[in-house]
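Heads up, the thing below is written out as structure tokens.
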Amino acid sequence: MPDTVIATFQVRQLTILDPSGDVDLALLPKLSDDRLWEMYRFMVLTRVFDERAVSLQREGRMGTYPPVKGQEATQVGSAFALTKEDWIFPSFREMGVHLTLGFPIPQLLQYWTGDERAQRIPEQFKIFPFCVAVGSQLPQAVGAALAVRYRREPAAVAVFFGDGATSKGDFHEAMNMAGVYRLPIVFICQNNQWAISVPVKGQTASATLAQKAVGYGFEGIQVDGNDVLAVYAAVSGALEKARRGEGPAMVECLTYRMADHTTADDAGRYRSPEEVEYWRSRDPLLRMERYLESRGRWTPEAAGEVRGWATAAIDQAVREMEEIPPPEPAELFEGALAELTPRQKRQRKER
Amino acid sequence: MPDTVIATFQVRQLTILDPSGDVDLALLPKLSDDRLWEMYRFMVLTRVFDERAVSLQREGRMGTYPPVKGQEATQVGSAFALTKEDWIFPSFREMGVHLTLGFPIPQLLQYWTGDERAQRIPEQFKIFPFCVAVGSQLPQAVGAALAVRYRREPAAVAVFFGDGATSKGDFHEAMNMAGVYRLPIVFICQNNQWAISVPVKGQTASATLAQKAVGYGFEGIQVDGNDVLAVYAAVSGALEKARRGEGPAMVECLTYRMADHTTADDAGRYRSPEEVEYWRSRDPLLRMERYLESRGRWTPEAAGEVRGWATAAIDQAVREMEEIPPPEPAELFEGALAELTPRQKRQRKER
Amino acid sequence: MAQLNMVQAINQALAQEMARDDRVVIIGEDVGRDGGVFRVTEGLQDRFGPERVLDTPLSESGIMGAAIGMAACGLRPVPEIQFMGFTYSAFEQLFAHGARLRSRSRGRFGCPMVVRTPYGGGIKAPELHEESTEALFCQAPGLKVVVPSGPYNAKGLLLASLRDPDPVLFLEPTRLYRMIKEEVPEGEYLVELGRARVARPGREVTVVAWGSMLERVLKAVAGFDAEVIDMLTLNPLDMECVLGSVKKTGRAVIVHEAALTCGVGAEIAATLACDGILFLRGPVKRVAAPDVPVPLAKLIDHYLPSIQQIQAAVEDVLKY
Amino acid sequence: MAQLNMVQAINQALAQEMARDDRVVIIGEDVGRDGGVFRVTEGLQDRFGPERVLDTPLSESGIMGAAIGMAACGLRPVPEIQFMGFTYSAFEQLFAHGARLRSRSRGRFGCPMVVRTPYGGGIKAPELHEESTEALFCQAPGLKVVVPSGPYNAKGLLLASLRDPDPVLFLEPTRLYRMIKEEVPEGEYLVELGRARVARPGREVTVVAWGSMLERVLKAVAGFDAEVIDMLTLNPLDMECVLGSVKKTGRAVIVHEAALTCGVGAEIAATLACDGILFLRGPVKRVAAPDVPVPLAKLIDHYLPSIQQIQAAVEDVLKY
Ligand SMILES: Cc1ncc(C[n+]2csc(CCOP(=O)(O)OP(=O)(O)O)c2C)c(N)n1
Ligand SMILES: Cc1ncc(C[n+]2csc(CCOP(=O)(O)OP(=O)(O)O)c2C)c(N)n1
Ligand SMILES: [Mg+2]
Ligand SMILES: [Mg+2]
């Protein structure tokens, strides 16, 4: 058979909770109403955090900040799938993941005031300090998965990145290595449609990002990233498989960056109001509210309470953040090396 | 439809001339018997060149050399598909391509004597000087394709690389860009099963290398790389499509590195005699001989003549190569910059 | 003559050269529709079309490699790397391929490209957005490294770079982008590569600087009889100019915002120790950042050389 | 005590540390089954298994990034990059991540890994197989750069590197791999990082070298009253040792096989110009390769510093 089809691949897409708030019961993950409500609360907390961060920047109380608005379902849904044993490698836009995991909110704000002390992750979190170099965390996450496997830990690694990151060599080298060693790692791609001003079509000719996994010998799946239940189901499933030693997976979450790339960006320069409008109608919070309303949990009052709780938490965090004393000059040398060189010691003294 | 298949991909494999010398008439490319004989002659020339290069190294008349034995069909078949207008980006093991295109044989040997003057490609060839950094030529080839397209030249770019190179970030970035801009470029992967001591299974978990193209939105096809007709057909087809502006393609040629990685390597340390034996029976020269015999062209005498011609050509080339005077010290500075800096000029004078 | 800031001067140089030479093609992330994150390429895609101003995937090594291939095949690409800290993932392509292609091909292929990238500290940006690791690239013999210090020389140096037959890394001091306005001639003029400039003549001490430090040095030396040299090109270094000045003054201070160890100041001071020691009355001084990664906004003023530090160094060398 | 060459000494150090500490894991291309292209890791996969000696895909950035992740998560990886010229594609991971992780995480995560790579010229290999660009890495404040000059210090320095809490780039002079045999104690011993060694005491001139140049320098100075300093660690530089020697001799020659401009010799000479000028009787001399890419076999002897060039430099400085 000289001209033969030797392999066939499929890419699947998963939606459970649709924009009108209806769910597919066959696929619905087992989550109590309280858990669902928790998810909703963290989505609101993320939204409120984000709004506040943007206004703090506008008021000159914080530096440039990359809003996460629109990606709450992806981030909260993923974070709900994680255990305390799992390692997390975030990109710079994972505030929703941090918030859901209980990361101290003042510290989360602190980085964006230009204070690197915020990157000292408290010991109880297995979270890596993010790095803004897009894609650079992926091979490092693979290394963490090698360590987890080496020590036979009952854990997996979750690494977060955007659509833009899929164009980087490091994405490729990491995915490839994860495949070769069948590592316990899940690649969570937040396809928010844009990398600054470059739309996904300008990023790759691949029809989906999920299908990139085909080249690495493991599964890639696309989920509706504005559907917190689909994200939760897909990421949980992938993490469990990974923890069982059944190898890596990639989850592409189709979502949208509703705001500017950062507070220094003006997305109006490169995208249409119609597009933004379309995605506003797919706001991940909206559909969760509709669903919870249908289950009798969501009411305007309950929503108001959640907002109130979130606002109070953020208010408090902003106060605490603003009370953090500025760093001393010697802080420059913190962690430069476990033991500073003689020259560094002299330089520190001179400051 | 919440859990849906949204895309399906197939990988095809092409064989025309099988190991016993039989051809699939439906797929047979239109090639006169004289052209077929030419192909055979260049395969023999490549084999004889290679044998001689290895023995020159053993005799201490040349440095470390990377044999090409076993890959003659892939290289000669690809080269036959190229026109004088096409740009070629070789890796370090493309002697068969060079020979088929008429590259001066003494110069081809010269590099491996440790003389970089051999990398000054004569003007009539649109061939890039190879670089041993695996994979580094791929983004550069994409740049050449951008230039070809920018100037509306009726040409394509062919870039050669091995299975090992597919693990590099540069492979990924190049494939991805070629897809985004739908460039006139063909990625020719010689999957010779090994990257030094690492077998393809250790290189990637992908079942084929061809399927890596799925992630870049264009076609990847696998061909029997020991079948010069299939290689020729697949590469010609891809190049013609590229020249017509229909975008890039990847051709994976399944072949085998019959010799050591280089003369400094000992493949016996890492691969089995059975494997080597299996591939010996699939020697690309053998099956071409069988086919040409069936067409009444090949006879032991004709074969002897071809060998004689090749040997004489190589003998002559070795003589010429050995007559090349050694480089002067000032050669160090050749091309360091279009105009040397004052410091470089001083350094040159001091030598 | 118009008063332009550096962003405008660079934009003008690009536009003029693109109009003059259709081999000039800009390639990079967000350079097209968005006009670049600093708006340096603003309006160029509208004017010259998407084939001359290419928005790319997020792919620094790919951009650099593609630019090399374009240059070798007869174009004059101008790849933009969004911030100097992201040149690191394109390091192999630039350092081992672009900078060596002419040598590797023994002259058959040149690599006339201008890699533009914003560099330097003081803009309150995140990590890796304020790097100043120019010395890395000065180790590549086939690569020129150019750093303007103001709008006027930015335009002239960029035009000269765009016509240079070899690759140029063009470092744009981000802090100065909109800080200084200068008279910039509308027409074309070249500022020669490889030549330093005496930014201020003086007799008692030579102060060497480049890029964003120049402005600070000029402020710092106001009360001294100091000769200030603006290097403009870091590879090759115009050591004739520096040695000539030190021969006159007998004293040298070198100021750079890169960390001290193995910065370009090391090469300058070393050349003084090798070729100028007989002119020197006393120690050379280097005023540089400490040997730590560039900090974020809250610490940046403790990191970058300050006016006080520069003055103290000048006073120190004047003691000899 | 056994007479070992450097390959054997390094292999022994790796084996002993792997036996002692199961966090030590080797990762790289061809390091397992094949024992590495120079056979430095020979036998280790057989002895410790494929989980401790991992053959990787051809993926330098992936290897480096993975090693960083492993190190941060409690292992002590030893990534091998097959030749120094291939570190360039892993440059970002090493320079901007591995070397900065402790600083970035403000001490929460260290990155205790030892990146081994053969470096240097004179082995008749193709392009990019004979690089000596150590100065690139000395610009990273969080990275130690270590270069042994013989089997004895190779073992002791490697053991010290493997126990260091921070990342170490361990450069193995390929030309010396099998050239020198020395007594190497079977047991464990550490050679402290960050300390140079007086390889030969002397009074009239200080000659500084490291790695493969040391052997050549020792031959060259046979007829002089020269003090030879073997740096051993290039980041941080033990300038106390060099300054102490120059204080005594008043003269300095620095020898390295890297190209002259912005090599590590620049930092050493610069520090002499800044902190040691009052000890110097005359110019410092740098004997280095010219500012061109490393050539192939036929030209390498015209590129690497020769015994004659070293002697001429010593004679030159002795004139003062
Ligand atoms: C290697 C690198 N190149 C460029 C940048 C500048 N930059 C910051 S974010 C960004 C776009 C990232 O897009 P994506 O990966 O989709 O993430 P998103 O911003 O959408 O969350 C770019 C180009 C960077 N941080 N790192
Ligand atoms: C970036 C890089 N890493 C490592 C090497 C050392 N090396 C030379 S060839 C080779 C294997 C290449 O394998 P493949 O791409 O399959 O080509 P083949 O040798 O089989 O032709 C390696 C690891 C190199 N030349 N470049
Ligand atoms: Mg995005
Ligand atoms: Mg191969």
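Taking amide H atoms as placed 1.01 Å from N in the peptide plane, the amide H of C:Ile27 lies under 5 Å from those of C:Leu54, C:Val78, C:Glu80, each 5 or more residues away in sequence or on another chain.
Using a simple charge model, +1 on the beta-carbon of Lys and Arg, -1 on the beta-carbon of Asp and Glu, nothing else, what dipole does segment D:173-257 show about its Cα centre, in debye to the nearest 20? All intermediate terms of the calculation are to be shown ahead of the outcome.
On the way: 12 positive and 13 negative charges, 76 e Å.
In debye, rounded to 20, segment D:173-257 gives about 360.
Evaluated with a Cβ-only charge set (Lys, Arg +1; Asp, Glu -1), the protein assembly as shown carries a dipole of roughly 2160 debye about its Cα centre, given to the nearest 20. Loop-located GluC sites (Glu not before Pro) across segment B:263-329 with a Cβ neighbour count of 14 or fewer within 10 Å are lacking, with loop assigned by DSSP. What shape does chain B take by its C-alpha gyration tensor, where a ≥ b ≥ c are the square roots of the eigenvalues and a/c under 1.5 counts as rounded, a/b above b/c as prolate, and the rest as oblate? Oblate shape, in that a/c is at least 1.5 and b/c is the bigger or equal ratio.
Candidate cross-link partners of B:Lys201 among the lysines, defined by an alpha-carbon separation under 16 Å and a same-chain spacing of 8 or more, comprise B:Lys168, B:Lys212. Summary for A:Thr299: label point 7 Å along Cα→Cβ; distances to the equivalent points in the other copies, ascending, 10.2 nm.
Taking the Cα centre of the protein assembly as shown as the origin and placing charges on Cβ (Lys, Arg +1; Asp, Glu -1), which of B:Ile88, D:Gly142, A:Ala133 is farthest toward the positive end of the dipole? Farthest towards the positive end: D:Gly142.
Among the trypsin sites (Lys or Arg not before Pro) in segment A:81-172, those located in a DSSP loop and surrounded by at most 10 other Cβ atoms within 10 Å of their own Cβ are A:Lys84, A:Arg152. Using the average count of surrounding beta-carbon atoms within 10 Å as a protection proxy, the listed peptides C:27-36, B:233-242 rank, highest first, as C:27-36, B:233-242. Summing Lys and Arg as +1 and Asp and Glu as -1 over all other residues whose Cβ lies under 10 Å from the Cβ of C:Leu296 gives a net charge of -1.
Using a 7 Å projection from Cα along Cα-to-Cβ, the label point at D:Pro165 is separated from the same position in the remaining copies by 5.5 nm, smallest value first. Around A:Val318, under 15 Å between beta carbons, what's the net of Lys plus Arg minus Asp minus Glu among the other residues? Charge balance near A:Val318 sits at -4.
Between B:Glu301 and B:Arg319, the simple spin-label model (points 7 angstrom out along Cα→Cβ) gives 2.8 nm.
Could you name the lysines whose alpha carbon sits less than 17 Å from that of D:Lys181, not counting residues in the same chain fewer than 8 places away? Candidates past the 8-residue exclusion: D:Lys155, D:Lys219.
Let me know the mean shielding of A:174-184 by other chains, meaning the per-residue number of their Cβ atoms within 10 Å of its Cβ. Mind dumping the intermediate values first?
Numbers: counts 7, 5, 16, 12, 3, 4, 14, 7, 1, 1, 0.
Taking the mean over all residues of the peptide, I get 6.
The D:Lys181 and A:Ser294 beta-carbon pair, evaluated with R₀ = 60 Å, returns a calculated FRET efficiency of approximately 0.15.
For D:Cys138, the shell of other residues with beta-carbons less than 11 Å away shows a net charge of -2, using +1 for Lys and Arg and -1 for Asp and Glu. Among the residues of A:207-218, the average count of other protein chain beta-carbon atoms within 10 Å of the residue beta-carbon is 6.
FRET efficiency for C:Tyr189 and D:Arg200, Cβ-Cβ distance as r, R0 = 41 Å, nearest 0.05? Could you put the intermediate results ahead of the total?
Values: r = 57 Å, r/R0 = 1.38.
Working from the Cβ atoms, E equals 0.10.
Helices assigned as whole DSSP H runs in chain C whose Cα atoms extend at least 27 Å along their own long axis and whose mean Kyte-Doolittle hydropathy is 1.0 or higher are not found. Measuring from each Cβ of chain A to the axis that turns chain A onto chain B, the shortest distance belongs to A:Gly169, 1 (residue, then whole Å). With a ≥ b ≥ c the root eigenvalues of the C-alpha gyration tensor of chain D, is it rounded (a/c under 1.5), prolate (a/b larger than b/c) or oblate? Prolate. Per-residue extension of 0.36 nm, minus the Cα-Cα distance of B:Ala207 and B:Arg271, leaves a gain of 21.0 nm for this segment.
Our coupling estimate for segment A:235-249, obtained by passing each phi through the Karplus curve with A = 6.51, B = -1.76, C = 1.60 and θ = phi - 60°, is 5, 4, x, 5, 5, 4, 4, 4, 5, 6, x, 9, x, x, 8 Hz, Gly and Pro reported as x. The GluC sites (Glu not before Pro) of segment B:49-117 that DSSP puts in a loop, and whose beta carbon has at most 14 other beta carbons within 10 Å, are B:Glu59, B:Glu85. Backbone amide hydrogens, once placed in the peptide plane, bring B:Ser91 within less than 5 Å of B:Phe160, excluding anything fewer than 5 places away on its chain. Picking from B:Gly70, B:Gly335, B:Gly60, which is most flexible by a Gaussian network model of chain B using Cα springs under 10 Å? Result for chain B, Cα springs under 10 Å: B:Gly335 fluctuates most. Separation of segment B:176-240 from segment D:22-67 is 28 Å, based on Cα centroids. Among the residues of D:81-94, the average count of other protein chain beta-carbon atoms within 10 Å of the residue beta-carbon is 6. Whole-Hz Karplus values for segment D:201-207 come out as x, x, 10, 9, 7, 9, 10 Hz, taken residue by residue from phi with 6.51 cos²θ - 1.76 cosθ + 1.60 and θ = phi - 60°; glycine and proline positions read x. Take every Cα-Cα pair in the protein assembly as shown and report what % of them are more than 43 Å apart. I get 43 percent for the Cα pairs in the protein assembly as shown exceeding 43 Å.
If you count the DSSP beta bridges with both ends in the protein assembly as shown, what percent of them are antiparallel, to the nearest 5?
On the way: 33 of 143 bridges.
Counting only bridges with both partners in the protein assembly as shown, antiparallel ones make up about 25 percent.
Using alpha carbons only, what's the Rg to Rh ratio of segment C:2-184 with Rh from Kirkwood?
Details: Rg = 15.0 Å, Rh = 16.0 Å.
The Rg/Rh ratio comes out at 0.93.
The other copies place their A:Pro122 label points at 7.3 nm from this one, listed shortest first, where each point is 7 Å from Cα along Cα→Cβ. Separation of segment C:220-289 from segment C:113-177 is 20 Å, based on Cα centroids.
Counting only lysines at least 8 places from B:Lys241 when in the same chain, those with an alpha carbon closer than 18 Å to its own are B:Lys30, B:Lys84. Coupling constants for segment C:115-130 follow from the phi torsions by the Karplus curve (6.51 cos²θ - 1.76 cosθ + 1.60, θ = phi - 60°), and in residue order they are 8, 9, 7, x, 9, x, x, x, 10, 6, 9, x, 3, 6, 9, 9 Hz; glycine and proline get x. Our estimate of slack between B:Phe125 and B:Lys349, defined as 0.36 nm per intervening residue step minus the Cα-Cα distance, is 77.3 nm. Legend: calculated FRET efficiency, D:Ala19 to B:Ser55, from the Cβ-Cβ distance at R0 = 56 Å, rounded to 0.05, equals 0.80. Placing +1 on each Lys and Arg Cβ and -1 on each Asp and Glu Cβ, with no other charges, gives segment B:13-350 a dipole about its Cα centre of roughly 920 debye.
Given the rule -39500 (n - 2.57) for each run of at least 4 DSSP H residues, summed and divided by the residues of the protein assembly as shown, what is its mean residue ellipticity at 222 nm, to the nearest 500 deg cm²/dmol? It comes out at -11000 deg cm²/dmol, rounded to the nearest 500. Take the Kirkwood radius over Cα pairs of segment C:197-317, plug it into Stokes-Einstein at 37 °C and 0.692 mPa s, and you get 232 µm²/s for translational diffusion.
Taking amide H atoms as placed 1.01 Å from N in the peptide plane, the amide H of A:Ala156 lies under 5 Å from those of A:Asp86, A:Trp87, each 5 or more residues away in sequence or on another chain.
For segment C:2-184, DSSP calls about 15 percent of its internal beta bridges antiparallel.
Just so you know, all these numbers are worked out from the coordinates, no wet-lab data involved. No experiment lies behind these values; they were computed from the predicted model shown. Counting neighbours? That spans all protein chains shown, and the Cβs are built from the backbone with ideal geometry, glycine included.
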